[in-house]
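The values are calculated or read from the model by the stated rules, or taken from the named source; none is laboratory data. Owing to the predicted nature of the structure, the values given are computational and were not obtained by experimental measurement. Methodologically, a virtual Cβ is constructed for each residue, glycine included, from the backbone with ideal geometry; neighbour enumeration extends over all protein chains shown. When the accessible area is computed, the model is the full protein with side chains, heavy atoms only, and any ligands, DNA or RNA have been set aside. Shrake-Rupley method; radii C 1.70, N 1.55, O 1.52, S 1.80 Å.
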Amino acid sequence: PAQRHLFSEAAEVGAVRGALLAWYDSCKRDLPWRALAANEPDVDRRAYAVWVSEIMLQQTQVATVIDYYNRWMQKWPTLQALAAASLEEVNELWAGLGYYSRGKRLQEAARKVVSELAGRMPRTAEELQKLLPGVGRYTAGAIASISYGQATGVVDGNVIRVLCRLRCIGADSSSPAVLARLWDMANVLVDRSRPGDFNQALMELGATVCMPKAPLCEECPVKQHCHARRRRLLGSCPTVPDVEDCGKQLAWGCPCCSSAYGPTVTFALVFAGVGDCPLCPPATEPWDSSLGVTNFPRKAAKKQPRVARTATCVLEHRGRRGAPRFLIVQRPSSGLLAGLWEFPSLPLALGLQEEKQREALADHLRAWTGRPVAAGGLQYVGEVIHIFSHIHQTYVVYSLPVDEDVTLDPALSPWRWVTEEEFHASAVSTAMKKV
């Protein structure tokens, strides 16, 4: 039943490829990683350049990535240069880009290529995914198609949105079964002679035209092949045929995928919830005419981020001369914000009163410094809210002026005193910069 959602006719596949590549050639954005991929003759350096861009672009907007990418490639233009860098250097350059484990995994994988693979990048999507830590199916497909010309598809958020709209795929697009169909579709569509350009074109279309909330349908190069657009243009639909009659005439299985009644009835039935097609929307989610093509894709409801509170203390030492200095400590090497630097902080139990928060932080600082810290000496500054992908974090900020440099037990955590300028140059998170 799901075959009607797929691209099964060679003529249509060819038409989509041609229209999309022609549009891409004339409309693609000028991005630094594309220039490197097009002009770098060394295949390993080319694959490395694409790899860095794909890791940075995960969950991060293009406009944000460009500056980070240029600075990264200037500092570490080869795998060997990155492998020789320290994690501290990597974290410092990555600071502010978010999802900090990406930089660490990228360097770990670069070191593996240098030490175990003699500096030679794996040459297929399958080998890339198998041999490089942190490289999943999408990243492997992007590197292989763009750098090596392997005819393999890619599926990311942009591609999911485009394909779901082109074929009215209304089932949960995050489910393994639907993702498997989307990967099959991407592999069918990918142009055999220009796979890298085609994959970039498909992603570019999702990023600049087939956008989540305000798609530019009339500018779309493949609008003639878009079932969601056709459904929107049809407007109101005639009464849906009785299911039993449909079954008698066609033994449908999935009436939304059948065309015996013509396109109007077909697309009315897409949201009728009739049949057992694994790619159609459930009956509980009818077509919303006010949404048009943005009815697609459908996703499961997002899990609400957990709420967390943390007490943070800015210890400030003002010498007789020179700028004030601040104490920062390094977070553990695993977990959230691994290896980054921050002001001394303590997770708080939810609902803890301010007086108890202050006392808990004073006890924490006493344990770290080995010297008395009076709770009353902590000056309340305010609260800073930062939203991580899965955490709604509130920092309760206090300050504590000290007369001399405080020393901490190095067994507890690495630490150092820094000026404000040194703080901003260190590997600190965006959340700490807000503090």
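General remarks:
- Per-residue HN-Hα couplings for segment 420-433 [Karplus 6.51, -1.76, 1.60; θ = phi - 60°; Hz; x = Gly/Pro]: 4, 5, 5, 4, 5, 8, 7, 7, 10, 7, 4, 4, 5, 5
- Each label was represented as a point 7 Å from its Cα along the Cα-to-Cβ direction; for THR124 and ALA283 these points are 4.6 nm apart.
- Estimated from helical segments only, the mean residue ellipticity of the chain at 222 nm is -13500 deg cm²/dmol, where each DSSP H run of four or more residues counts as -39500 (n - 2.57).
- Once the Cα gyration tensor of segment 122-174 is diagonalised, semi-axes √(5λ) in Å: 25, 12, 7
- Descending semi-axes in whole angstrom, ellipsoid equivalent of segment 297-372, from the Cα gyration tensor: 32, 19, 12
- Distance between segment 297-338 and segment 13-36 - C-alpha centres, whole angstrom: 41
- Here the Gaussian network model covers the chain, with springs between Cα atoms less than 10 Å apart; of PRO122, PRO133, PRO41, PRO41 fluctuates the most.
- Portion, in percent, of the accessible area of the chain that falls on carbon or sulfur, probe 1.4 Å: 52
- Accessible area per residue, Å², the chain with all protein chains present, probe 1.4 Å: 48
- Charge dipole (debye, nearest 20) of the chain; +1 at Cβ of Lys and Arg, -1 at Cβ of Asp and Glu: 260
- Here's the picture: charge each Lys and Arg Cβ at +1 and each Asp and Glu Cβ at -1 in the chain, and of LEU20, PHE343, CYS164 the one pushed furthest to the positive end of that dipole is LEU20.
- Percent RCO, i.e. relative contact order, over segment 306-425, from Cα pairs under 8 Å lying at least 6 residues apart: 38
- Separation between Cα centres of segment 163-185 and segment 374-431, rounded to whole Å: 45
- Separation between Cα centres of segment 71-99 and segment 198-232, rounded to whole Å: 35
- Once backbone amide H atoms are built at 1.01 Å from N, ALA311 has LEU346, LEU348, VAL396 as its partners under 5 Å, excluding neighbours fewer than 5 places away on the same chain.
- Among the trypsin sites (Lys or Arg not before Pro) within segment 132-209, those in coil by DSSP and having at most 15 neighbouring Cβ atoms inside 10 Å are ARG192.
- Mean shadow area of the chain over all directions, Cα convex hull, nm²: 26.0
- Cross-link pairs LYS303/LYS434; LYS104/LYS433; LYS213/LYS303; LYS28/LYS104; LYS213/LYS302; LYS130/LYS303 - those with Cα-Cα distance over 24 Å: LYS303/LYS434; LYS28/LYS104; LYS130/LYS303
- Antiparallel %, DSSP beta bridges [both residues in the chain], to 5: 60
- Whole-Hz ³J(HN,Hα) from phi, Karplus 6.51 cos²θ - 1.76 cosθ + 1.60, for segment 149-156, glycine and proline x: x, 6, 7, 9, x, 9, 9, 10
- Segment 148-196 - Debye-derived log10 I(q)/I(0), Cα point model, q = 0.16, 0.23, 0.30 Å⁻¹: -0.43, -0.80, -1.16
- The tail of the calculated P(r) for segment 306-425 beyond 23 Å holds 30 percent of all Cα-Cα pairs.
- GNM flexibility winner over the chain from GLU404, GLU383, GLU316 (Cα, springs under 10 Å): GLU404
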